[in-house]
Structures are given as C-alpha cells and as structure tokens.
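All remarks here apply to the structure that follows.
The values are calculated or read from the model by the stated rules, or taken from the named source; none is laboratory data. Note that this is a predicted model, so its numbers are computed, not measured. Note that each Cβ is placed from the backbone with ideal geometry, even for glycine, and that neighbours are counted across all protein chains shown.
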Amino acid sequence: MYVEQRQYTFHPGKMPLWMDAYQNLGGPASARHMGPSLGFFQVEVGTINRVVFFRGWDDIDTREAGLVAREADPDWQAFRKRSAEAGALAWQEVKFLKTLPFSPITQAMGFQFRREIGGTGMFVDHRTYDFHPGKMAGWLEAYEKYGLPVQKRMLGQLLLFAVTEIGPINQVVFMWAYEGFGDRDRRRTAMMSDPGWAEFGKAIAPLGALKQQTVMEMKPTAFSPVK
C-alpha cells in the first residue's frame with residue numbers, strides 16, 4: 001500500500017481562503033476520483049500556516065487515471081481557479097510512503113477510521129525520523145520487538161507507521177493520536193520510566209541509527225475522516 005503525504009504551507013492570513021475552497025470544491029472532487037482520504041490536519045505546533053494530509057493507494061497505477069479524471073471535473077476546475085486567485089500557497093511537498101505490516105492502516109480500500117482514544121478532542125503527534133544509510137532496518141527491527149509493544153500499551157492511538165518510498169529516503173513517518181496535550185504528556189512521561197522502554201533504548205543504542213527527529217503537533221480539520 002502507498003500513502004501519499006502532502007504538506008502545504010500558506011502565506012499568513014490566506015490559509016482560510018484555500019481551506020474553504022478545498023472543503024467545498026477540491027475535496028469532493030478528489031473524493032470522486034482519487035484514493036481515499038486518510039486524514040486532513042492543520043499544524044498546531046511546528047511550522048504554522050500548514051496543513052498535512054494523506055491519501056491511500058492500493059494500486060498506485062490508478063493514481064494517474066484519477067488525476068486526469070479530476071482535472072476534467074468542474075468542481076476541481078473551480079477549486080483551482082479560486083486557489084489561484086487567493087494566492088495562498090507558499091510551499092508544497094509530496095512524499096510517497098509505504099506502510100509497514102504493523103501499521104494500523106495497511107489497505108486503502110474500505111478505509112474507515114475507528115476512534116480508540118477517549119474524549120472528544122484530538123491532537124496528532126506526527127513524527128519524522130531520519131536515519132543514517134543502512135541503519136534504518138536494524139532500528140525498525142528493534143522497535144517492532146521492544147518499542148512498539150510498550151508504546152501500544154502506554155501511548156494513545158497509533159494511526160500510521162510507514163517508510164518513505166519516494167522523497168527523502170531512509171526516513172520513517174508515524175503518527176499517534178491523543179485526547180490533548182496533557183494526555184500526551186502524561187502518557188509519554190509514564191512511558192519513559194517503563195522498564196520495557198529502557199530495554200528498547202539498550203537495543204538501539206549500539207546502532208547509532210538516528211540522524212534527526214522532527215515532531216509536529218496537528219489537529220484534524222472539520223472535514224478530516226480521522227478526528
């Protein structure tokens with residue numbers, strides 16, 4: 001399965017114009033012709049004036065046909081016109097990710113989000129880990145064996161775990177959902193003192209695998225299927 005991750009950054013004050021056009025025109029057109037949406041989020045902490053959204057593909061070859069069909073859709077044409085007139089976009093990035101077997105999402109067809117966390121709010125911890133070449137596989141093996149069981153027991157709801165296929169390689173992207181910042185802090189503080197997490201730390205220390213870690217905190221938009 002492929003996951004298409006898009007990050008769009010806007011000129012200050014112009015994001016609401018683009019969001020309104022996407023919610024009413026671009027999003028419905030995409031839903032008709034493209035793979036299913038796996039979530040649409042606004043960055044709360046990190047680079048602000050940014051949205052991050054995901055689309056799933058079981059057969060990546062169908063993407064091209066979907067793009068062609070969407071371009072001919074009147075709603076998409078109207079969206080493109082309104083977006084251009086707004087002059088909102090400052091920067092765009094696209095990555096193709098491949099989900100790992102222990103990711104909660106491994107198939108795009110029939111995707112339906114089931115909320116497992118309590119409360120009514122949601123903050124999403126979006127993490128990007130960059131690895132030194134040749135070191136990522138060893139870290140993933142240790143994570144699946146030692147780290148993941150602890151995190152599934154102690155953290156919020158795992159939404160996605162994937163590696164970059166096209167874009168910056170040697171990179172892992174994953175997301176955990178929490179009820180709020182306080183819920184996140186309490187859970188992560190408890191995890192850091194768990195003996196199982198210490199075992200994970202011992203397993204990865206000799207690898208020297210990690211080069212950089214980047215974290216964003218995001219909130220789902222009103223029209224996100226994950227919220």
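Can you find even one residue in the stretch 157-172 that is under 17 Å from Thr99 (Cβ atoms) and without any contact (Cβ under 8 Å) to a residue 24 or more places away in the chain? The answer is yes, given that some residue of the stretch 157-172 is under 17 Å from Thr99 (Cβ atoms) and without any contact (Cβ under 8 Å) to a residue 24 or more places away in the chain. Scan the stretch 143-157 and give yes if some residue there is surrounded by 19 or more Cβ atoms within 10 Å (Cβ to Cβ) and closer than 30 Å to Pro16 by Cβ, otherwise no. Checked against the condition, which is being surrounded by 19 or more Cβ atoms within 10 Å (Cβ to Cβ) and closer than 30 Å to Pro16 by Cβ, the stretch 143-157 yields at least one hit. Scanning the stretch 194-223 for residues that are loosely packed, with under 12 Cβ neighbours inside 10 Å and touching a residue at least 24 places away in the same chain (Cβ under 8 Å), we see that the one that is farthest from Gly119 (Cα to Cα) is Gln212. Entry remark, the stretch 158-185: residues being surrounded by fewer than 21 Cβ atoms within 10 Å (Cβ to Cβ) and among the small types (Gly, Ala, Ser) number 3 in total. The stretch 2-90 holds no strands (runs of 3 or more DSSP E) entirely within its bounds that carry 2 or more residues that are free of Cβ contacts under 8 Å to residues at least 12 places away in the same chain. Answer with yes or no whether Arg188 is of a type in the set (Lys, Arg) and touching a residue at least 60 places away in the same chain (Cβ under 8 Å). No: the conditions fail for Arg188.
So which of Thr120, Thr106 is surrounded by fewer than 18 Cβ atoms within 10 Å (Cβ to Cβ) and in contact with a strand residue (DSSP E or B) (Cβ under 8 Å, 6 or more places away or on another chain)? Of Thr120, Thr106, the one residue that is surrounded by fewer than 18 Cβ atoms within 10 Å (Cβ to Cβ) and in contact with a strand residue (DSSP E or B) (Cβ under 8 Å, 6 or more places away or on another chain) is Thr106. Take the conditions (1) surrounded by 15 or more Cβ atoms within 10 Å (Cβ to Cβ); (2) in the same structural domain as Phe123 (by TED's automatic domain parsing); (3) out of contact with any helix residue (DSSP H, G or I) (no Cβ under 6 Å at 6 or more places or on another chain); Met191 misses just one of them, which is (3). Only a single criterion out of (1) in contact with a strand residue (DSSP E or B) (Cβ under 8 Å, 6 or more places away or on another chain); (2) among the polar types (S, T, N, Q); (3) farther than 30 Å from Pro28 by Cα is not satisfied by Thr189, namely (1).
For Ala86, the conditions (1) in contact with a helix residue (DSSP H, G or I) (Cβ under 8 Å, 6 or more places away or on another chain); (2) surrounded by fewer than 17 Cβ atoms within 10 Å (Cβ to Cβ); (3) among the aliphatic types (A, V, I, L, M) all hold with the exception of (2).
Within the stretch 139-148, being touching a strand residue (DSSP E or B) at 6+ places or on another chain (Cβ under 9 Å) and either more than 23 Å from Met218 (Cβ to Cβ) or of a type in the set (Lys, Arg) (or both) holds for Trp139, Leu140. Taking the criterion of being farther than 15 Å from Gly118 by Cβ and touching a Lys or Arg at 6+ places or on another chain (Cβ under 8 Å), the residues of the stretch 173-193 that qualify are Val173, Phe174, Met175.
Has the stretch 64-73 got at least one residue that is within 24 Å of Ala209 (Cβ to Cβ) and surrounded by 14 or more Cβ atoms within 10 Å (Cβ to Cβ)? No, the stretch 64-73 contains no residue that is within 24 Å of Ala209 (Cβ to Cβ) and surrounded by 14 or more Cβ atoms within 10 Å (Cβ to Cβ).
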